[in-house]
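Everything below concerns the one structure shown next.
Each reported figure results from applying straightforward, stated rules to the coordinates on display, with no laboratory input. Predicted model only: the values in this text are computed from it and were never measured. Here Cβ is always computed from backbone atoms with ideal geometry, including for glycine, and neighbour counts include all displayed protein chains.
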Amino acid sequence: MTITPPALSVFETLESEVRSYCRGWPAVFDRAQGSHLHDEDGHTYLDFFAGAGSLNYGHNNPVLKRALIDYIERDGITHGLDMATTAKRAFLETFQNVILRPRDLPYKVMFPGPTGTNAVEAALKLARKVKGRESVVSFTNAFHGMSLGALAVTGNAFKRAGAGIPLVHGTPMPFDNYFDGTVQDFLWFERLLDDQGSGLNKPAAVIVETVQGEGGINVARAEWLSALSALCKRQDMLLIVDDIQMGCGRTGKFFSFEEAGITPDIVTLSKSISGYGMPMSLCLFKPELDIWEPGEHNGTFRGNNPAFVTASAALLTYWTDGQMEKQTELRGEQVERALLAIIEENDQVGLSFRGRGLVWGLEFTDKPRAGAVCRRAFELGMLLETSGPQSEVVKLIPALTITAEELDEGLRILARSVRETA
Ligand code: PLP
């Protein structure tokens, strides 16, 4: 029987059973700065989860906080529906000048609603409307969100079951390396597309994550992504890259697909786009796809103006000089070295790892051990979470602004947690 500390009992009594992260991290958090959180009892925790990728620039980043405070103090618009505001104009211009134009990306910007799943719904709707087809292809172990459209292209059986109705118009295909390199890429997919007897309705689009964040840190190779992009063109399907978790610099470059040299037709962004952990999401698409009627996709909370302010500040602070990308690369190498050492310490038995930029996964053959490692890490003062269909992967996704020393400290806690759960 687990005993609930009194400070947590109100959550247990009043809040729904659906709550999840608070079960793995049983503390009442009060303040946070950079890569550290503090609970109400004065304990400090090193954050290796960064709000599931929403805090790439750390908690309460001082530069973004200053911009936000100034904006609030001068009574800048807070709630703006989709009205034109100075904050939104500044964001659009900054996004164009700092992110899109230097990468030669032609996208129009849609504000589809506050969270990631809203962006995915908008992307799916638009793809279906443009192509006049219902079916969308997704990949094994994909995660795209909890609303019904996004859930229909999500792999996880437990999450899918929560829908309570049939999830239709989505077809899963094998992600990169699903058959451990034994099957030629896209062999099955292209055969189905070309065979009039296959039973696969011609898809409107393919939706893909370049690195599957929730699905177990599965990293697609650049050549797999570029072959997928070519396949989509050949077969007249739109390519949607869901960059909600891996975008905003998580893998090094601002967009995770840049490395593959592709230009997706539609891109979804959320999580760290506001930079401050505030709800904001974007659906980006090539201008010729912009066939929406005014108001055809709507929503009350599409104009979170304080988020536009921190988003602009984040882009101007971190994305004008190439330093962020270089630092992420260095930090990633630091993680890779530490994970190699953990594998060697375990004689390469029962453990493997993979990652890109500053997102890494440590997979355990003994699946429940990943959860045990996270629990031990919490006792040692660090927030770590699992990922993968059976929570068999320890996921490392610290803030991109984490210092080399903080990262080192966390990696030592990880090594100790692995050792102590052997
Ligand atoms: N797409 C991806 C790739 C995600 O990782 C997530 C969330 O983890 C989502 C969509 C859904 O975003 P949200 O939880 O903000 O709705």
Worksheet entry | Charged-residue dipole, Cβ positions (Lys, Arg, Asp, Glu), the chain about Cα centre, Debye nearest 20 | 740 debye
Fill in: Distance (nanometres) between label positions extended 7 Å along Cα→Cβ at His36 and Leu330
2.2 nm
Practice prompt. For every helix of n ≥ 4 consecutive DSSP H residues, a contribution of -39,500 (n - 2.57) applies; sum these over the chain, divide by its total residues, and give [θ] at 222 nm rounded to the nearest 500 deg cm²/dmol.
Written response: -10500 deg cm²/dmol
Fill in: Neighbour cut-off at most 16 other Cβ (10 Å), DSSP loop, GluC sites (Glu not before Pro), region 5-94
Glu15, Glu17, Glu40
Worksheet entry | Filter on Lys108/Lys253; Lys271/Lys367; Lys125/Lys271 - keep pairs with C-alpha separation over 25 Å | Lys271/Lys367
Discussion item. Using Cβ contacts closer than 10 Å as the measure, can you line up Phe189, Phe254, Phe308 from fewest to most?
Written reply: Phe189, Phe254, Phe308
Worksheet entry | Whether region 192-332 is rounded, prolate or oblate, judged on the alpha carbon gyration tensor where a/c under 1.5 counts as rounded | oblate
Worksheet item: What ranking do 60-72, 207-219 get when scored by the average of other Cβ atoms within 10 Å per residue, highest first?
Response: 207-219, 60-72
Item to complete: Could you tell me whether region 76-318 comes out rounded, prolate or oblate from its Cα gyration tensor? Rule is a ≥ b ≥ c as square roots of the eigenvalues, rounded for a/c under 1.5, then prolate if a/b exceeds b/c, otherwise oblate.
Response: prolate
Worksheet entry | Under-5 Å amide H pairs with Tyr57, H placed in peptide plane, nonlocal only | Leu400
Worksheet, complete the sentence: Here the membrane-span-like helices of the chain, with no claim about any membrane, defined by DSSP H, Cα axial extent at least 30 Å and mean Kyte-Doolittle at least -1.0, are 323-345
Worksheet item: Please state the relative contact order of the chain as a whole percent: Cα pairs under 8 Å, 6+ residues apart?
Response: 23 percent
Worksheet item: What is the order of Leu105, Leu148, fewest Cβ neighbours within 10 Å to most?
Response: Leu148, Leu105
